[in-house]
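Before any comments, here is the structure.
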Amino acid sequence: MKTEADLKHTLRRIEGRGYKAYKDIKDVYDFGEFTLFIDHVQGDPFAAPSRIRAQVSQDIAQFPPDTYSKKDRIVGLCDLLTRMFSQSARHIAKGHRGTGKSGMIEIDTPGQEILERTSVVINRNFVEARCVMGLPASGRRILAREAEAMFFDELPKIVSASLRVQDNGKKRLHKHIEVYEDQCWLRSQLENLGLVAFIANGSLLPRASGVDDRPLSTGRIVTFQSPPSLEMTVELPNHGPVLGMGIPKGVTLIVGGGYHGKSTLLDALVRSVYCHIPGDGRECVVTHSDAVKIRAEDGRRIEGVDISPFIKNLPFGQQTISFSTDDASGSTSQAANIIEALEIEAKVLLMDEDTSATNFMIRDHRMQELVSKEKEPITPFIDKIRLLYREHGVSTVLVMGGSGEYFDVADTVIALEDYVPRDVTSEAKNIAQRYKAERKHEGGTVFGTTTPRIPVAASFDPSRGRKPVKTDAKGLRTLVFGRHTIDLSAVEQIVDRSQTRAIGDALLRASREHMNGRRSLSQIMGLLMDEIETGGLDVLNSKPLGNYALPRRFEVAAAINRLRTLRVENRRTVLN
Ligand code: ADP
Ligand code: MG
């Protein structure tokens, strides 16, 4: 291993030379307090910044073994260390030191969710931060003295401020890990408790704005308070007993006047398939891990999806057992989104009238009279929602302020009034009794079968120009895969750009390693996620990258389903 002095020497030697000479510093250096890995040196000052790792031995870092004794704790701890590194880098790194990215020192910056990521690695031997640095230049000439300041002054300060146990930081450390562990534990218990979600009293659900996921902090804020009939206590391993609202399995409606907080409640459920940081307001809101947000998404591509439970007999005899289109309508896209979620075993569907296609949700009596069932290809969701639960055990939480027809099919009805929830189930049932629905049930007696799909590996081409592989996250919900851009803007449960990046490389891996012309999409997702579970996100790349965050199988599959070149084969029975 080289020494600090070696790096200093090389930097002095290349001072003022052309940028390419920076390649000479790619190596491993002993910095005393930590080991510095310079893994990748950027080609010019504007290119993606250089990748480095700082590794501190546990002899120095001294994290107590119980902070990384279990997977859940490791994820919580690494999340906090990433935040601390990010914060210190912002304070300590001077930033602009020349052209382009000169002077930048950054690590992946998490949002309100705590996700498994690759930015920090911890084990018995060491803790490692993976960050990027913009090696400084003036024009394209190396500014080695500036680089020296970054490596020898700034980086060691950032490392010691974040990668070792600080006496004054112990409380924060334990709190962060415990809050995370509690959420994971509760999520794992929901199934046994017969719940699809739990919202603790005192939770703060509204967000700062539509584009800012931090808690709302101005104006009148109403914290969450469960209606007595749905109130229950859960016993968390660290926090102890917590009182809140359990949303039972089955069909749940969220009703109430406009602007009374319906979508805010649903959105909290949508994002609480992930854990939240202390202080977020949702750190005791937990949703079933197999809950999927469903919405209409007109314009999306659909490939070989069996949407026949919802849509049959399209004009001109178009079949729907293997339905494909380059430009889906609102209703067909919503139907496909549901079937695709069921295909990989979603257990809860989360839907909001705001983002649903009306003709997919309901067909009222008068419309049934005017347009006969034979002339309407769509079986509305209201006529399948109970069959979905009865036959497949799939629950639905639905925001529906616009149609009382759903009272007939609901198990639980929650009304929001001035942001306060009330259990109005029996009221709604009484109303349903008093005003009998005139509409006819159109959904038959069974949900209907769906056909598994077998993705064709050859339809995944990651090449772009001379590059054999090009995958990249262009923003939160836009994924570049080869020559194609996958639009994920309607995939609301992608919450972090590093998830999008991981999804890109997961597509590549799935197509190369797991698609063999026989496996169904569901089997492929199973193999991929198992592999990540065992080997960590690093299995997605041969290089140690710091900017992956873990997506769920639903979001990976959502990207596959939206790849415009995707081809699938349908088999009624799938062989292993
Ligand atoms: P709805 O879907 O019922 O029309 P929204 O959920 O969109 O209503 O909420 C309307 C507005 O009220 C939003 O700006 C939201 O931030 C705010 N809001 C929601 N819940 C609360 C709350 N508990 N306290 C304060 N403001 C809230
Ligand atoms: Mg709304």
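The values are calculated or read from the model by the stated rules, or taken from the named source; none is laboratory data. All values derive from a computational prediction rather than experimental measurement. Every residue, glycine as well, gets a Cβ built from its backbone with ideal geometry; the counts of neighbours run over all protein chains shown. When the accessible area is computed, the model is the full protein with side chains, heavy atoms only, and any ligands, DNA or RNA have been set aside. Shrake-Rupley method; radii C 1.70, N 1.55, O 1.52, S 1.80 Å.
For this structure, a couple of remarks:
- The single condition from (1) within 16 Å of ligand 1 (Cβ to nearest atom); (2) touching a residue at least 12 places away in the same chain (Cβ under 8 Å); (3) open to solvent by 10 Å² or more (accessible area, probe 1.4 Å); (4) part of a loop (DSSP other than H, G, I, E, B) that Glu297 fails is (1).
- Members of region 343-363 found to be surrounded by 20 or more Cβ atoms within 10 Å (Cβ to Cβ), away from ligand 2 (no atom under 16 Å from the Cβ), assigned to a helix (DSSP H, G or I) and not charged (D, E, K, R), listed by number: Phe360
- Single match in Gln189, Gln183, Gln225 (criterion: of a type outside the set (D, E, K, R), away from ligand 2 (no atom under 16 Å from the Cβ), closer than 21 Å to Leu350 by Cβ and open to solvent by 40 Å² or more (accessible area, probe 1.4 Å)): Gln189
- Scanning region 5-32 for residues that are closer than 22 Å to Pro544 by Cα and touching a strand residue (DSSP E or B) at 6+ places or on another chain (Cβ under 7 Å) yields a count of 8.
- Scanning region 474-514 for residues that are open to solvent by 60 Å² or more (accessible area, probe 1.4 Å) and not hydroxyl-bearing (Ser, Thr, Tyr) gives Lys474, Leu476, Arg483, Asp487, Arg497, Arg509, Arg512, Glu513.
- Test: residue in region 241-250 that is under 26 Å from the mean Cα position of the chain (by Cα) and within 11 Å of ligand 2 (Cβ to nearest atom): no
- Residue pairs whose Cβ atoms lie under 8 Å apart, separated by 6 or more positions or on different chains, with the first residue in region 1-27 and in contact (Cβ under 8 Å) with a residue 40 or more places away in the chain and at positive phi and the second part of a helix (DSSP H, G or I) and open to solvent by less than 80 Å² (accessible area, probe 1.4 Å), are Gly16/Ala144.
- Taking the numbered list (1) part of a loop (DSSP other than H, G, I, E, B); (2) modelled with pLDDT of 95 or more; (3) farther than 20 Å from Ile382 by Cβ in turn, Thr233 passes all entries but (1).
- Counted residues, region 407-457 - those being open to solvent by less than 30 Å² (accessible area, probe 1.4 Å) and not in a loop (DSSP other than H, G, I, E, B): 13
- Any chance Ser160 is touching a residue at least 24 places away in the same chain (Cβ under 8 Å), open to solvent by less than 10 Å² (accessible area, probe 1.4 Å) and touching an Asp or Glu at 6+ places or on another chain (Cβ under 8 Å): no
- Restricting Gly258, Gly279 to residues that are part of a loop (DSSP other than H, G, I, E, B), away from ligand 2 (no atom under 16 Å from the Cβ) and open to solvent by 50 Å² or more (accessible area, probe 1.4 Å) narrows the list to Gly279.
- Every residue from region 204-222 that is small (Gly, Ala, Ser), more than 16 Å from ligand 2 (Cβ to nearest atom) and either over 15 Å from Arg271 (Cβ atoms) or part of a loop (DSSP other than H, G, I, E, B) (or both): Ser217, Gly219
- Remark: pairs (first residue in region 243-269, within 19 Å of Arg207 (Cα to Cα); second residue among the polar types (S, T, N, Q) and more than 13 Å from ligand 2 (Cβ to nearest atom); Cβ separation under 8 Å; 6+ apart in sequence or on different chains) = Ala268/Ser203; Leu269/Thr287.
- Only one of Thr534, Thr471 that is more than 15 Å from the chain's Cα centre (by Cα), surrounded by fewer than 16 Cβ atoms within 10 Å (Cβ to Cβ) and without any contact (Cβ under 8 Å) to a residue 60 or more places away in the chain: Thr534
- Scan of region 396-406 for residues that are among the polar types (S, T, N, Q) and either surrounded by fewer than 23 Cβ atoms within 10 Å (Cβ to Cβ) or within 15 Å of ligand 1 (Cβ to nearest atom) (or both), ordered by number: Ser403
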